[in-house]
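*Asks:* Let me give you the structure first, and then I'll get to my questions.
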Amino acid sequence: MRAIAVSAFRAEPCLVEMPKPDPAAGEVRVKVEYAALNPRDWQIADGALDGVLPHVFPLVLGTDFAGRVDMIGSGDNRFRVGDPVLGRVTAPPVGRCGAYGDYVCVPQDSPIALVPRDMPLRTAAALPSAGTTAAQILSSTAVRSGRSLLVVGATGGVGSFLTQLAAARGIGVVAAVRGDEGRRMGALGATATVDTTDPEALEAAVRELYPGGVDALVDLVSTDAASFASFAALLADGGVAVTTRGVAAPAGVAWADFRIAPAPGLLDELTSAVASGELEVPVDMELPLEKAPQALAQNRAGGARGKTVFAL
Ligand SMILES: NC(=O)c1ccc[n+]([C@@H]2O[C@H](COP(=O)([O-])OP(=O)(O)OC[C@H]3O[C@@H](n4cnc5c(N)ncnc54)[C@H](OP(=O)(O)O)[C@@H]3O)[C@@H](O)[C@H]2O)c1
């Protein structure tokens, strides 16, 4: 089968031929039709999980997939051959299977779910990691209707879902972005859009909207505690700040480092929200699998607008 893999940490991802994986007991094998890009993919290639989880090389990249169950391992299983499924490849060792490969084997109790009838697999593939992250972050902040949320990096995968989920709950979303993205963010439900490249104007705009400060901050961008703290300075007393970039540790009890948790049931909730039209899946770009190395380099440089998916 074809796969995009790296031969070592920090090696260039490239297209390789590999043997098809066989499903172990309790696993399903999925013929992948679409994979979605997440920054986690190049972060893993850089060694983000080195020393945390075992890895195998060549390490097949990719977490999020949608496809059809193609083979069932021995033992009980909640899926059947032919089922359309979406999910995340999370079981160690990292790289044994990856979404950027024609086939993945995943434990049947891992974060996978059936794709509802009529939902294109292309749409489904873009949902698992970014949708799960957005939903879990929103519940971790416990922000209620009528309150406010500042999202830094709102134009990307997580931010696009988070903006919609929060707006649907009646939360005022201030989307902090780079560039002229007011129209895009407004269409996703943002109350206001501010530019992070002019910090003084950003602060003035937020203070004008919410003179007492915002109720919550989700920072998807800052890679140092000082930058995170500068956004957190816009919080109201008792406000909650969450980062996905691991920079909250020294900051205090109301500031949290977010870590995505496996949640197959949440995937069902997300696909239902998409099927009912409550949640839009913003697929910005579709590319053939062969273009994944260039797309990963592009994502590392920035500029994501919604999700990029690969057709296998
Ligand atoms: N801890 C966890 O469990 C977890 C879970 C999910 C995601 N994450 C992490 O969270 C981050 C975001 O994920 P994602 O999937 O949303 O990534 P993404 O799709 O690549 O989006 C990132 C967005 O941030 C924007 N951005 C970058 N620098 C910015 C700045 N200074 N000001 C405003 N916007 C800026 C980018 O656009 P421009 O470059 O055009 O500004 C892009 O739209 C990634 O680092 C990811 O690894 C962590």
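*Asks:* Using DSSP, restrict attention to beta bridges with both residues in the chain and report what percent are antiparallel, rounded to the nearest 5.
*Replies:* About 55 percent, rounded to the nearest 5.
*Asks:* Would you calculate the separation in nanometres between label points at Asp46 and Arg96, each defined as 7 Å from the Cα along the Cα-to-beta-carbon direction?
*Replies:* For the pair Asp46/Arg96, the computed spacing is 2.7 nm.
*Asks:* Right, another one. Could you derive backbone 3J(HN,Hα) for the stretch 50-65 from the dihedral phi with the Karplus parameters 6.51, -1.76 and 1.60 (θ = phi - 60°), listing whole Hz in sequence and x where the residue is Gly or Pro?
*Replies:* Computed from phi, the couplings for the stretch 50-65 are 4, x, 9, 10, x, 10, 10, 10, x, 9, 6, 7, x, 10, 8, 9 Hz.
*Asks:* Still on this structure, please answer the following. Tell me which of Ala3, Ala205, Val221 sits at the most positive position along the dipole axis of the chain, charges placed on C-beta atoms (Lys, Arg +1; Asp, Glu -1).
*Replies:* Looking along the dipole axis, the top candidate is Ala3.
*Asks:* Which value at 222 nm does the chain reach when only helices count, each DSSP H run of 4 or more adding -39,500 (n - 2.57), with the total divided by all residues and rounded to the nearest 500 deg cm²/dmol?
*Replies:* Mean residue ellipticity, 222 nm, calculated: -8000 deg cm²/dmol.
*Asks:* Could you size up the charge dipole of the stretch 193-312 around its Cα centre, putting +1 on the beta carbon of Lys and Arg and -1 on that of Asp and Glu, and report it in debye to the nearest 20?
*Replies:* I would put it at about 420 debye.
*Asks:* If you don't mind, there's one more thing I want to ask. Roughly speaking, what is the stretch gain from Glu286 to Glu269, that is 0.36 nm per residue apart minus the C-alpha to C-alpha distance, in nm to one decimal?
*Replies:* Working it through step by step, the gained length comes to 3.7 nm.
*Asks:* Each residue of the stretch 29-43 in turn: what ³J(HN,Hα) in whole Hz from Karplus with 6.51, -1.76, 1.60 and θ = phi - 60°, glycine and Pro shown as x?
*Replies:* Couplings: 9, 10, 7, 6, 9, 9, 10, 10, 7, 10, x, 3, 5, 6, 5 Hz.
*Asks:* Place a +1 charge on the Cβ of each Lys and Arg in the stretch 119-213 and a -1 charge on the Cβ of each Asp and Glu, then give the dipole magnitude about the Cα centre in debye, rounded to the nearest 20.
*Replies:* With only Lys, Arg, Asp and Glu charged at Cβ, the dipole is about 480 debye.
*Asks:* Something else: Given Cβ point charges of +1 (Lys, Arg) and -1 (Asp, Glu) and nothing else, what value in debye, to the nearest 20, does the dipole of the chain about its Cα centre take?
*Replies:* About 420 debye.
*Asks:* Using Stokes-Einstein with the Kirkwood hydrodynamic radius over Cα pairs, what translational diffusion coefficient do you get for the stretch 159-309 at 20 °C and a viscosity of 1.002 mPa s, in µm²/s rounded to a whole number?
*Replies:* 126 µm²/s
*Asks:* Same structure, new question: Quote the Stokes-Einstein diffusion coefficient, in whole µm² s⁻¹, for the stretch 58-131, based on the Kirkwood radius over alpha carbon pairs, a temperature of 37 °C and a viscosity of 0.692 mPa s.
*Replies:* Diffusion coefficient, whole number: 262 µm²/s.
*Asks:* Using the charge dipole of the chain (Lys, Arg: +1 at Cβ; Asp, Glu: -1 at Cβ; taken about the Cα centre), state which of Ala24, Gly239, Ala256 has its Cα farthest towards the positive end.
*Replies:* So the residue furthest toward the plus end is Ala24.
*Asks:* A further question follows. Rg (Å, one decimal) plus Dmax (Å, integer) for the alpha carbons of the stretch 171-225?
*Replies:* 11.1, 31
*Asks:* Sequence-distant or interchain residues sharing an amide H contact under 5 Å with Val214, placed H: which?
*Replies:* Here the answer is Leu235, Ala236, since their amide H atoms fall under 5 Å of that of Val214.
*Asks:* Running Debye on the stretch 236-312 with equal point scatterers at the Cα sites and no solvent, what base-10 log of I(q)/I(0) appears at q = 0.11, 0.13, 0.21 Å⁻¹?
*Replies:* Listed by q, the Debye log ratios stand at -0.52, -0.70, -1.08.
*Asks:* Subtract the Cα-Cα distance of Val81 and Thr197 from 0.36 nm times their separation in residues, and report this length gain in nm to one decimal.
*Replies:* This chain segment gains 36.8 nm when fully extended.
*Asks:* Over the Cα atoms of the stretch 113-193, how large are the radius of gyration and the largest Cα-Cα distance (Dmax), in Å?
*Replies:* 13.1, 37
*Asks:* Then there's this: Test of understanding: in a Gaussian network model of the chain with alpha carbons linked when under 10 Å, which of Leu220, Leu127, Leu86 would top the mean-square fluctuation ranking?
*Replies:* Among Leu220, Leu127, Leu86, the largest GNM mean-square fluctuation belongs to Leu220.
*Asks:* Work out the charge dipole of the stretch 33-140 with +1 on the Cβ of Lys and Arg and -1 on the Cβ of Asp and Glu about the Cα centre, then indicate which of Pro54, Thr132, Gly101 is farthest towards its positive end.
*Replies:* Looking along the dipole axis, the top candidate is Thr132.
*Asks:* Here's another thing I want to ask about it. Dividing the Cα radius of gyration by the Kirkwood radius, what Rg/Rh value follows for the stretch 29-176?
*Replies:* The Rg/Rh ratio comes out at 1.02.
*Asks:* Which far-off residues, 5 or more places away or on another chain, put their amide H under 5 Å from the one on Asp219, with H placed in the peptide plane?
*Replies:* Correct list: Val152, Val242, Thr243, Thr244.
*Asks:* Turning to a different aspect of this structure: Quick one: net charge of Leu267's neighbours, Cβ under 11 Å, K/R +1, D/E -1?
*Replies:* That sum, taken over residues with Cβ under 11 Å, equals -2.
*Asks:* Moving on. Please report, in cubic angstrom per residue, the volume enclosed by the convex hull of the alpha-carbon atoms of the chain.
*Replies:* Measuring per residue, one finds 125 Å³ for the Cα hull of the chain.
*Asks:* Still on this structure: Quick one: work out Rg over Rh on the C-alpha atoms of the stretch 22-87, Rh as Kirkwood radius.
*Replies:* Using only Cα positions, Rg/Rh for the stretch 22-87 is 1.03.
*Asks:* Next question. Under 5 Å between amide H atoms, partner at least 5 residues away or on a different chain: which partners does Met71 have, H built in plane at 1.01 Å?
*Replies:* Residues meeting the criterion, in which the H sits 1.01 Å from N, are Arg29.
*Asks:* Tell me, what is the FRET efficiency for Met18 and Ser276 to the nearest 0.05, using R0 = 30 angstrom and their Cβ-Cβ distance as r?
*Replies:* Computed FRET efficiency for Met18 and Ser276: 0.20.
The numbers here are math on the coordinates, done by the rules we state, and not lab data. What you see is a predicted model, and the numbers here were worked out from it, not measured in a lab. Backbone-built Cβ (ideal geometry, glycine too); neighbour counts: all protein chains shown.
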